[in-house]
Amino acid sequence: MTVTGVQLQEYLAGLDYPVSRADLIRWGQENGASTAMLQMLQALPAEQFESPAELSEALTTLA
């Protein structure tokens, strides 16, 4: 299953920012994210994201 950045962004809606990559992974695990989603979160280049826009930009670089 391929996960798009848009799908992941929708899944992560409601997070409080700034958020760390570790918190994103934990959020995904606690909310039943698929293996593909968790792998995408683990592949994020930055350690922390200050806003949804910053996270979205990082996700698009992975797609």
If we keep only residues of the stretch 5-18 that are assigned to a helix (DSSP H, G or I) and of a type in the set (A, V, I, L, M, F, W, C), then the residue farthest from the chain's Cα centre (by Cα) is 6
A careful count of residues in the stretch 42-56 that are part of a helix (DSSP H, G or I), at pLDDT below 90 and touching a helix residue (DSSP H, G or I) at 6+ places or on another chain (Cβ under 9 Å) gives 3
Could you give me the residue pairs with C-beta distances under 9 Å whose first residue belongs to the stretch 46-62 and is under 13 Å from residue 24 (Cβ atoms), whose second residue is in a helix (DSSP H, G or I) and β-branched (Val, Ile, Thr) wherever it lies, and which are 6+ apart or on separate chains?
-> 56/6; 59/6
Per the filter on the stretch 19-35, residues within 11 Å of the chain's Cα centre (by Cα) and not in a loop (DSSP other than H, G, I, E, B) are 19, 20, 21, 22, 23, 24, 25, 26, 27, 28
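The values are calculated or read from the model by the stated rules, or taken from the named source; none is laboratory data. Worth saying up front: this structure is predicted, and the values here are computed from it rather than measured. Because the Cβ atoms are built from the backbone with ideal geometry, glycine has one as well, and the counts that use them run over all protein chains shown.
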